[in-house]
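Step one of this worksheet: look at the structure below.
The values are calculated or read from the model by the stated rules, or taken from the named source; none is laboratory data. The model shown is predicted, which means the values in this text are computed figures rather than measured ones. All Cβ positions, even for glycine, are placed from backbone atoms using ideal geometry, and neighbour counts span all protein chains on display.
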Amino acid sequence: MLHSQLTQSQSTPEPPTTRESAIKQATDNLRNAIGKSSRGKGFVGKTGKRVQVDIPLLDETSKAVVELCRDLLKSMPRDIAKQVLPILLLAAPKLDQIEEVQDLLQRCRGPAVIILNAGWTPDQLSPPQRNALQAFQQIYAFVPLGFKV
């Protein structure tokens, strides 16, 4: 299953065939979603764009998550990266970290917050937690039918 914001030139998204193509699709969607963010600074000013990206990992170790973050940020176009820095990137937060995530979100007023590979589904959250996270727009989620090992 693939959910992707469609660009005007693209009528139907193609499922990615490689990790690199999934990252490219995600960064294209990030460009469209956060590229128009208002400029703000870290923890002051107005709340910026809040988006969620899900790119599955066969290896969910810390090292693999860090590599995915690095690759995702490296693939962002420089003009967009300069426009939305600083970005708060929450990498693979787990359900038992939801209170810390909520605390960061209440204090962060930067131009963009990205949750990458959230470790929860909406049905696992309490109503107050769901309310706190409802501002996040799911802009990319690639869920493969299976992994080839």
(message) Return the residues of region 105-124 that are more than 22 Å from LEU57 (Cβ to Cβ) and assigned to a loop (DSSP other than H, G, I, E, B); say none if nothing qualifies.
(response) CYS108, ARG109, GLY110, PRO111
(message) Looking for something part of a loop (DSSP other than H, G, I, E, B), among the aliphatic types (A, V, I, L, M) and modelled with pLDDT of 80 or more - is there at least one such residue anywhere in region 56-63?
(response) yes
(request) Please enumerate the residues belonging to region 48-69 that are charged (D, E, K, R) and more than 13 Å from the chain's Cα centre (by Cα). (result) ASP59, GLU60, LYS63, GLU67
(message) For the condition surrounded by 15 or more Cβ atoms within 10 Å (Cβ to Cβ) and in contact with a strand residue (DSSP E or B) (Cβ under 8 Å, 6 or more places away or on another chain), what is the one hit in LEU95, LEU116?
(response) LEU116
(message) I need every pair where a residue in region 107-120 that is at positive phi and touching a residue at least 12 places away in the same chain (Cβ under 8 Å) has its Cβ under 9 Å from the Cβ of a residue that is outside any strand (DSSP E or B) and hydrophobic (A, V, I, L, M, F, W, C), sequence separation at least 6 or different chains.
(response) ASN117/ILE55; ASN117/LEU57; ASN117/VAL65; ASN117/LEU68; ASN117/ALA92
